[in-house]
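Every number in this text was worked out from the coordinates using simple rules, so none of it is lab data. Because the structure is predicted, anything quoted here is derived from the model rather than measured. Please note: Cβ atoms are built from the backbone with ideal geometry, for glycine as well, and neighbour counts cover all protein chains shown.
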Amino acid sequence: MCFFKKKVVLPDNILTVKKILEEMEFDIYTHEYWAVKVIEEPEYAEAMGDYEWHMRWINVYESIIYHLRKD
């Protein structure tokens, strides 16, 4: 039995939890921008997603952030 924890080395393409949280927060801002934009200029909705689509992803990202931070 080993009493020492092995150092975990992440592969280069795996983000740390801190970086994931930063990216999720950035994505929320991006979706907030586009949620407003497609309301003000509906012609963007077909290519960029409608208001409800952006609000759904904001909720997903906020939920991920919540669960990652509570641990």
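Some points to look at:
- Residue that is nearest to Leu68 (Cα to Cα) [pool: residues in segment 11-22 that are exposed (fewer than 12 other Cβ atoms within 10 Å of the Cβ) and under 20 Å from the mean Cα position of the chain (by Cα)]: Val17
- The number of residues in segment 23-35 that are without any contact (Cβ under 8 Å) to a residue 24 or more places away in the chain and under 8 Å from the mean Cα position of the chain (by Cα) comes to 2.
- Within segment 34-53, tally of residues that are loosely packed, with under 12 Cβ neighbours inside 10 Å and among the β-branched types (Val, Ile, Thr): 0
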